[in-house]
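Chemist: Structure incoming, see below.
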Amino acid sequence: MWNEELKFTAFFPHSTFLVPNSTFRLVRVRRLQDMIVTIDGPCGSGKSTVARELAERLGFEYLDTGAMYRAVTWKATETGVDLEQDTDSIAELAQKVRIDFYDGKNGRRIICDGRDVTTAIRSPEVTRKIKYIADEPAARKAMMNLQRAHAKRVGDIVAEGRDQGSVVFPDAEVKFFLDADIKTRAERRLSDFRSGRLDIEFDEVLEDIRQRDMADRARPVGALRCTESMKKIDSTGMGVEEVVSEMANIVRQVASSC
Ligand code: C5P
């Protein structure tokens, strides 16, 4: 967490550093502890939207870890890795891949090994194949290392994904588990698809969510779970604004007591 008046120094990586004071003399100040907020939850719970808005409201970085799994899946498909058989190549690729986030004028872009894959990683083919990456322990470990390194680099962060509070940042200052009933989640997904003009029916989306819930909860490593240290928020019947406000209040309370 940064002291308000020190925000402009956010790119300094060390815990103590010199900044000019009001009389333009250099003074030594202490960087306060960075704050990690995690949002775990199932498909369609609204994690991405809420995490992005929460990060913006708090002035934190936002990390979309689903996009990282998607980028690795895209890269594996692009380079012809046999996802069903070749776990060694999956592991190697996940360890070598470079994933960057870049905020352009059309919103956040995802760059994978120098290619802008923002649109490509949302294709039904990538979504269908992600399980081969998400189920591979070595790939999960590589993603975890990247996520931890990213958090170290950027400081205050809101990280969302199935395993962020449970595995990647178990000591995060605030951990949320965002849920909603399955029909609500399917409706949200359907409206996302329709705004992207994909021709798909409610029952198909509902069944897809059911399958993904089962796979996410049964995964031997990094399975989706709500732990005791997470604050559970059920967003059924709640709008984005309401969820974000509730989370922001909790984060501020925790920050002020640190
Ligand atoms: O959040 P999104 O739908 O983009 O995530 C795509 C898939 O990536 C999820 O269905 C899940 O299987 C996997 N994933 C994961 N761990 C994360 C984020 C995503 O296994 N932290």
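Just so you know, all these numbers are worked out from the coordinates, no wet-lab data involved. Being a predicted model, the structure only gives us computed values, none of them experimental. Please note: Cβ atoms are built from the backbone with ideal geometry, for glycine as well, and neighbour counts cover all protein chains shown.
Chemist: I need the calculated FRET efficiency for the pair residue 211 and residue 57, taking r as the beta carbon distance and R₀ as 41 Å, to the nearest 0.05.
Modeler: For R0 = 41 Å, the calculated efficiency reads 0.75.
Chemist: Check which residues have an amide H placed less than 5 Å from residue 159's amide H, if you skip close sequence neighbours.
Modeler: When sequence neighbours closer than 5 places are left aside, the close amide H contacts are 37, 38, 39, 63.
Chemist: Contact order normalised by length for the chain, with contacts defined as Cα pairs under 8 Å and 6 or more residues apart; what percent is it?
Modeler: Normalised by residue count, the contact order of the chain is 28 percent.
Chemist: Also, quick follow-up: Which of the residue pairs 96/152; 105/131; 47/183; 131/231; 96/131; 75/131 have a Cα-Cα distance greater than 25 Å in the structure shown?
Modeler: Values: 96/152 19 Å; 105/131 32 Å; 47/183 16 Å; 131/231 27 Å; 96/131 19 Å; 75/131 14 Å.
Over 25 Å apart, Cα to Cα: 105/131; 131/231.
Chemist: Shifting gears a bit: Using 0.36 nm per residue of separation minus the Cα-Cα distance, give me the extension gain between residue 109 and residue 201 in nm, one decimal.
Modeler: Difference between extended and current length: 30.3 nm.
Chemist: I'd like the distance separating the alpha-carbon centroids of the stretch 90-122 and the stretch 138-168, in whole Å.
Modeler: If you average the Cα positions of each part, the centres end up 15 Å apart.
Chemist: Report the residues of the stretch 74-104 in range of a label on residue 240: point 7 Å along Cα→C-beta, backbone N strictly under 19 Å from it.
Modeler: Flagged as within label range: 102-104.
Chemist: Between residue 218 and residue 119, how many nm apart are label points set 7 Å from Cα along the C-beta direction?
Modeler: 3.6 nm
Chemist: In whole Hz and in residue order, list the ³J(HN,Hα) couplings for the stretch 173-180 that follow from phi through the Karplus curve 6.51 cos²θ - 1.76 cosθ + 1.60, θ = phi - 60°; x for Gly and Pro.
Modeler: Karplus-based 3J(HN,Hα) across the stretch 173-180 equals 5, 9, 10, 10, 10, 9, 10, 6 Hz.
Chemist: Something else about it: Using Cα springs under 10 Å in a Gaussian network model of the chain, which residue among 48, 235, 123 shows the largest mean-square fluctuation?
Modeler: Comparing 48, 235, 123 in the GNM, the peak value goes to 123.
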